[in-house]
Structure formats: C-alpha cells, structure tokens
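Undergrad: Quick one: structure below, then a few questions.
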Amino acid sequence: MRIIDLAPENLDDFCLCLEEWSDEMKEAGDHKRRWVEKHGERGLRVKLAVDDCGPAAGTVGGMIQYLPIEHSPASGEGLYFILCVWVHGYREGRGNFQKKGMGRALLQAAEDDARALGAKGMAAWGVALPFWMRASWFKKHGYRQADRSGIRALLWKPFRAEARAPAWIRPKKKPRAESGKVVVTGLLNGWCPAMSLVHERARRAAAELGEGVEFREVRTDDRAVFLEWGIGDAVFVDGREIRSGPPPKYEKIKKKISRRLKKL
Ligand SMILES: CC(C)(COP(=O)(O)OP(=O)(O)OC[C@H]1O[C@@H](n2cnc3c(N)ncnc32)[C@H](O)[C@@H]1OP(=O)(O)O)[C@@H](O)C(=O)NCCC(=O)NCCS
C-alpha cells in the first residue's frame with residue numbers, strides 16, 4: 001500500500017467519501033467540492049491510501065483530511081485538526097479495505113506532514129462510543145482527550161512542549177420559532193457529505209410542504225458565521241434540532257416538519 005496526496009483524478013471519489021456506488025451520497029449535492037476549493041486556500045490537506053497488490057491494485061481504499069485548527073470546529077493554536085479518517089469498509093463498490101493497515105498509515109502520514117509544516121501537534125475528534133469515528137482508535141495511537149461535548153470527544157497529540165490543548169467551540173445560538181410559519185434552518189459547513197445530504201433532504205422537504213414552511217440556509221464555512229452560532233452543521237425545525245447520528249431519512253425529516261406545520 002502507498003500513501004499519496006489528493007490529485008485531480010481522485011477528486012470525484014474523495015468528494016463522495018469513496019462511495020461512488022451510493023445513491024445516498026449523490027443526494028449530498030456539490031457542497032463537498034465547493035468546500036474543497038475554498039479550503040485548499042485555508043490549508044486543507046488530504047492523503048489517500050492506495051492498494052498496491054492483488055486484484056484491487058491501484059484502488060484508493062482510504063482517506064484522511066486535516067486542516068489548520070483555526071478553520072476547524074475547535075479552538076487552538078498552531079495545531080492541525082483531523083476532520084475525518086475513513087477506510088472504505090463496505091462490500092459494495094471498491095470493497096472492504098479495513099484492517100489492512102491503511103488507517104494506521106494514513107494517520108502516520110498526516111502526522112508526519114503536519115510536523116513538516118511546523119505544527120505543534122495534531123487534534124482530532126472521535127465519538128466516545130464504539131461506533132463511527134471512535135475516540136478509542138485515536139487513543140490507541142497516542143492521543144489523549146482534551147475536551148468533550150456530549151459524545152464528541154476532542155483528542156490531541158502534542159508534538160512540542162509549548163503546544164497547548166485545544167477546546168471545543170460550543171453552541172452559542174439557536175433559531176427561534178416565529179409566528180405564522182415553520183422555519184427550517186439548515187446550518188451547513190460542507191465538509192461532510194453525510195451532513196450535507198441531511199441538509200438537502202430538509203431543503204427538499206420544506207419546499208415540498210409548500211407555503212407555511214420557510215427554509216433558511218446558514219453557511220458556516222464563513223468563519224464569522226460559525227463563531228456566531230458555534231455550530232457547524234445542524235437542521236432545526238423552529239427551535240428544535242433534528243438530531244442526526246446516521247443521516248435521518250427524507251420521510252422522517254418531512255414528518256417532523258409537517259407535524260409542526262399542523263400545530264400552527
Ligand atoms: C478507524 C479506521 C480509520 C481504521 O482503519 P483501518 O485501516 O481499518 O485500521 P488499521 O488496519 O490500521 O488497524 C485496524 C486493525 O487492523 C489490524 N491490522 C492492520 N494491518 C493488518 C493486516 N495486514 N492484517 C490483519 N490485521 C491488520 C491492526 O492491528 C488493527 O488492529 P487493532 O484495532 O486490534 O489494533 C477504519 O476502521 C474506519 O474508517 N472506520 C470507520 C471510521 C469512520 O466512521 N470515519 C468517519 C467517516 S465520516
């Protein structure tokens with residue numbers, strides 16, 4: 001296996017989280033591509049793991065993306081922040097590449113790169129439960145917890161003595177209910193297709209329910225907007241957030257909005 005930098009020929013697959021086989025991913029629209037364009041200028045780094053032997057030789061099996069923490073959902077100084085590490089684990093499409101050493105190699109390559117760029121350390125987020133991007137996986141690789149918000153753990157690994165621990169930027173604001181209509185507010189950063197697809201489903205459901213429902217998009221890839229809200233990605237129906245672990249189905253989102261509409 002070898003680690004390469006993101007190249008133009010891999011951009012489409014990267015923007016679909018290597019899940020070009022998934023119809024769900026296509027629902028996410030082009031937010032990721034636009035985010036990549038914008039964040040290239042903000043220091044985004046992407047590495048891919050390519051299988052080098054056997055029938056899948058030449059296939060990209062994993063990816064890691066990280067950027068200066070100053071453009072991440074956490075506060076900190078001189079650190080890089082891992083937004084996502086993903087080794088394709090489904091049988092569909094390119095197949096399962098997990099547990100072959102790609103994850104470890106991607107993390108090592110990202111840390112080496114960040115050190116070479118002069119970073120004081122690396123930060124990452126993980127879920128403090130045994131699913132999704134696990135905090136325990138980072139801990140096994142020498143990371144320790146710096147902060148926690150609900151089930152989201154903020155982890156870090158200092159490279160130098162002067163490095164300071166990062167902290168989560170916490171929610172500061174949420175939408176208020178307004179009289180005479182249901183307001184669906186979609187906060188969108190664009191980095192995560194799973195979150196973008198929830199946003200697009202909410203937009204579609206709001207439009208389908210017609211008059212009485214207004215969809216408002218809040219672009220949190222604008223740093224000032226993100227700092228005002230303290231939230232990167234979320235969908236609110238009036239003041240209530242639609243919680244999304246695994247992306248909620250379109251029907252579920254539509255039902256929540258329509259229930260609210262009936263109460264007007
Ligand atoms: C966490 C994750 C990145 C790890 O990647 P990975 O490539 O599977 O990890 P590795 O192969 O480096 O290591 C995993 C295990 O495989 C083992 N392994 C590594 N190479 C191996 C090999 N050649 N043969 C057998 N086992 C091997 C490792 O020892 C390790 O075992 P351990 O966990 O008991 O220590 C990956 O599983 C993943 O993407 N999970 C989902 C994460 C996620 O949800 N991301 C967010 C998406 S938005």
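Undergrad: Given the C-alpha atoms of the stretch 182-262, compute the convex hull and give its volume per residue in Å³.
TA: 79 Å³
Undergrad: What is the stretch 1-113 by shape, rounded, prolate or oblate, if you read a ≥ b ≥ c off the alpha carbon gyration tensor as root eigenvalues and call it rounded for a/c under 1.5, prolate for a/b larger than b/c, and oblate otherwise? Mind showing how you got there, number by number?
TA: Numbers: a/c = 2.02, a/b = 1.31, b/c = 1.54.
Oblate is the answer for the stretch 1-113, as a/c is 1.5 or above yet b/c matches or exceeds a/b.
Undergrad: Two decimals is fine: what is log10 I(q)/I(0) at q = 0.07, 0.15 Å⁻¹ for the chain, from a Debye sum with one equal scatterer on every Cα and no solvent?
TA: Each listed q corresponds, in turn, to -0.26, -1.14.
Undergrad: On to the next question. From the residues Gly180, Leu197, Leu155, which one has its Cα farthest along the dipole of the stretch 140-212 in the positive direction, the dipole being from +1 and -1 charges on Cβ of Lys/Arg and Asp/Glu about the Cα centre?
TA: Of the candidates, Leu155 comes out farthest on the positive side.
Undergrad: Keeping to pairs on different chains or 8 or more places apart, tell me how many lysine pairs in the stretch 106-212 have Cα atoms under 25 Å apart.
TA: 7
Undergrad: Of the DSSP beta bridges with both residues in the chain, give the percent that are antiparallel, rounding to the nearest 5.
TA: Numbers: 37 of 49 bridges.
Approximately 75 percent, going by the DSSP bridge assignments.
Undergrad: What is the sum of charges around Trp35, taking Lys and Arg as +1, Asp and Glu as -1, for the other residues whose C-beta is under 15 Å from the C-beta of Trp35?
TA: -1
Undergrad: Further, regarding this structure: Stretched out fully, how many nm does the piece from Arg259 to Ala161 gain, at 0.36 nm a residue minus the Cα gap?
TA: Computed gain between Arg259 and Ala161 is 29.9 nm.
Undergrad: Go ahead and collect, in residue order, the members of the stretch 1-30 whose backbone nitrogen is under 14 Å from a label point 7 Å along the Cα-Cβ direction of Tyr90.
TA: What the label zone holds, given the 14 Å backbone N cut-off, is 13-28.
Undergrad: Next question, about the same structure. Along each principal axis of its Cα atoms, how long is the stretch 103-205 end to end? Whole angstroms, biggest number first, please.
TA: In descending order, the Cα extents are 56, 29, 26 Å.
Undergrad: Which whole-number percent gives the relative contact order of the chain, counting Cα pairs below 8 Å spaced six or more residues apart? Please report the intermediate quantities before stating the final value.
TA: Numbers: 519 pairs, mean separation 42.9, N = 264.
Relative contact order here is 16 percent.
Undergrad: Sum up the charges of everything whose Cβ sits under 9 Å from the Cβ of Cys15, counting Lys and Arg as +1 and Asp and Glu as -1, but leave Cys15 out.
TA: -1
Undergrad: Excluding Ala163 itself, calculate the net charge of residues whose Cβ lies under 10 Å from the Cβ of Ala163, where each Lys or Arg counts +1 and each Asp or Glu counts -1. Intermediate results must be reported in sequence, preceding the final value.
TA: Details: positive: Lys120, Lys157, Arg160, Arg164; negative: Glu77, Glu162.
Around Ala163, the charge tally is +2.
Undergrad: Among the aspartates and glutamates, which have Cα under 15 Å from the Cα of Lys38 when same-chain residues fewer than 8 positions away are ignored?
TA: Correct list for Lys38: Asp30, Glu70, Asp221, Asp222.
Undergrad: Right, here's the next one. How would you order 94-103, 74-83 from highest to lowest mean count of nearby Cβ atoms within 10 Å? Kindly include the intermediate steps, with their values, before the conclusion.
TA: Numbers: 94-103: 16.6, 74-83: 21.5.
The most tightly packed comes first, giving 74-83, 94-103.
Undergrad: Next question. How large is the accessible surface per residue of the chain, computed with a 1.4 Å probe and reported in Å² as a whole number?
TA: Here the per-residue accessible area is 50 Å².
Undergrad: Counting Lys and Arg as +1 and Asp and Glu as -1, each charge on the Cβ, what is the dipole of the chain about the Cα centre in debye, to the nearest 20?
TA: The calculated dipole for the chain is roughly 1380 debye.
Undergrad: Once amide H atoms are built 1.01 Å from N in the peptide plane, which residues 5 or more positions from Phe215, or in another chain, come under 5 Å H to H?
TA: Under 5 Å from the amide H of Phe215: Val184.
The values are calculated or read from the model by the stated rules, or taken from the named source; none is laboratory data. Since we're looking at a predicted model, the values are computed, not measured. Cβ sites come from the backbone with ideal geometry, for glycine too, and all protein chains shown count toward neighbours. Each accessible area value is taken on the protein alone, full model and side chains, heavy atoms only, with ligands, DNA and RNA left out. Shrake-Rupley method; radii C 1.70, N 1.55, O 1.52, S 1.80 Å.
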